[in-house]
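The values are calculated or read from the model by the stated rules, or taken from the named source; none is laboratory data. Keep in mind the model is a prediction, meaning the values are calculated, not measured. Here the Cβ positions follow ideal geometry from the backbone for every residue, glycine too, while neighbour counts run over all protein chains shown.
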Amino acid sequence: MSQLHAVPTAVTDLEIGMFVTALDRPWIETPFLVEGFYITSQADIDEVEKYCRFVYVDVYRCRLGAGRRNSRVVGAAGLKGATIPLPQEAALETIKFRQRSATAIAEMFPHRKLKPFEDASSFGEELAVARPVYAEVLRAYRQMMEAYRAGGRLDVAGVREVVNPMVESVIRNPDACVWLACSKDEQSYTWGHSAGASVWAVALGRQLGLPRVDLQRLAMGALLLDVGKLMVPEALLLKRERLTPGEFQLIKSHVEFGLQMLEGTGILSRSVTDMLAFHHERHGGHGYPRGIGGNDIPVFGRIAAIVDCYDAITSRRPYAAPMSPSHAVKQLYAWRDIDFDAELVEEFIQAIGIYPAGTLVELSNGEVGVATAGYRTRRLRPQLLMVLDRDKKPHASPRPLDLLTVTHDQDGKPLEIATSLEPGSFGVDPVTLVV
């Protein structure tokens, strides 16, 4: 979008129907999307006011109702004659970044037609379908590993059969599989991590608008990222103490082991092998095994690096506690252009939000709930399933709460998410909840 269409506007002058295209500060410091968002209620304006004094409104995308000219209304509200200095740098940088990012993403996939997907089902509808589908992915992956240990040959036929239904579920509505991917324990980390990474990869590919065949490749590649660890002693993978240099070198060898195991499986896709080969390479060139960086890392390898890292740091591992999703998102953002491709990190955050489905959160009134569906324009006010009261006692049955419409608690105080919690806090396992 051209800067000429973005009118600087005081938050106090915002109206329902206006489209906010940029903020007066870096977007990652707020719950809002770099893609922009519509003002749909007074609650939206109140939310913006918590973070900004000024925003930029796109004249051509406003929906101000019949008989009202966008340019006239927004122009009157604009700050062209304001005496208060307008902090434009962050906002204009957001606009410029969005333009650069769109170009960069298109250049990453020069021979593909990128087409956005629309949700085709509700969270509840899709969860009923996704539960058995995701369970089949876990079963098939575990069976593949056990068969390899028994016979020394990697047979991916079973996994190949269950990948496509999962991809279709994510296409219809990613929140359901994301919900399931958020719930995994330490004992099931190996196969839970692989299935989780597969979901994140497809969610990112969906955000990018990649065609189905690429989403299927992303799902398969992410699922197989760590098969090479089958050739690493399990005791070493579960070791809680600091690894010796020799032990770390052996673990790093799982990349080469995985590529060797892939030979003879019938998987010929370069995209899949790139994911295995490059998922531990880093943007700055300090990864392994080759130590390459930037655009020398194939794009599917760059995607694999992001989703592998995100799922790992949000999982309970033998040697590390999990990060909350909101902390992990901020960490990924801090690592952009150091460890990971900046544009892909931005797109990943757009795809999953700050509180993806399955995230455990504590509200300002002390109640605890689980995010079920995130609004893609207001990441701090998702739909929740409330499971614990303010005394942390379980509700008789989980009750839905939509933070988009419920803005105050029973005492009349503002109701909002106070913090995200580590997976499993207060004994809550989202995957067991009936939605």
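Of the residues Lys229, Lys239, Lys252, the single one that is touching a residue at least 40 places away in the same chain (Cβ under 8 Å) and basic (Lys, Arg) is Lys239.
Just one of the listed residues (Leu268, Leu259) is free of Cβ contacts under 8 Å to residues at least 60 places away in the same chain and either outside the structural domain of Asp311 (by TED's automatic domain parsing) or in contact with a Gly (Cβ under 9 Å, 6 or more places away or on another chain) (or both), namely Leu259.
Scan Tyr333, Tyr319 and give me the residue that is among the aromatic types (Phe, Trp, Tyr) and either over 30 Å from Glu234 (Cβ atoms) or under 14 Å from the mean Cα position of the chain (by Cα) (or both). Reasoning before the result, please.
On the way: Tyr319 fails: either over 30 Å from Glu234 (Cβ atoms) or under 14 Å from the mean Cα position of the chain (by Cα) (or both).
So the residue among Tyr333, Tyr319 that is among the aromatic types (Phe, Trp, Tyr) and either over 30 Å from Glu234 (Cβ atoms) or under 14 Å from the mean Cα position of the chain (by Cα) (or both) is Tyr333.
Okay, residues lined up against (1) surrounded by fewer than 17 Cβ atoms within 10 Å (Cβ to Cβ); (2) within 21 Å of the chain's Cα centre (by Cα):
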site: Ile105; (1), (2): no, yes
site: Leu114; (1), (2): yes, yes
site: Phe117; (1), (2): no, yes
site: Glu126; (1), (2): no, yes
site: Tyr141; (1), (2): no, no
site: Glu146; (1), (2): yes, no
site: Ala150; (1), (2): yes, no
site: Val162; (1), (2): no, no
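Counting only residues that are hydrophobic (A, V, I, L, M, F, W, C) and surrounded by 16 or more Cβ atoms within 10 Å (Cβ to Cβ), the range 405-430 holds 4 of them. Among the residues of the range 269-295, those identified as at negative phi and in a helix (DSSP H, G or I) are Arg270, Ser271, Val272, Thr273, Asp274, Met275, Leu276, Ala277, Phe278, Asn295. Number of residues in the range 216-245 that are under 14 Å from Val170 (Cβ atoms) and out of contact with any Asp or Glu (no Cβ under 9 Å at 6 or more places or on another chain) equals 6. Going by the conditions given, is Val232 in contact with a His (Cβ under 7 Å, 6 or more places away or on another chain) and farther than 28 Å from Val178 by Cβ? Judged against the criteria, Val232 is a match. Remark: Trp200 matches the filter, which requires a residue to be of a type in the set (Phe, Trp, Tyr), modelled with pLDDT of 90 or more and surrounded by 24 or more Cβ atoms within 10 Å (Cβ to Cβ). Every residue in the range 246-266 that is of a type outside the set (A, V, I, L, M, F, W, C) and farther than 25 Å from Val170 by Cβ, please. The answer is Gly246, Glu247, Gln249, Lys252, Ser253, His254, Glu256, Gln260, Glu263, Gly264.
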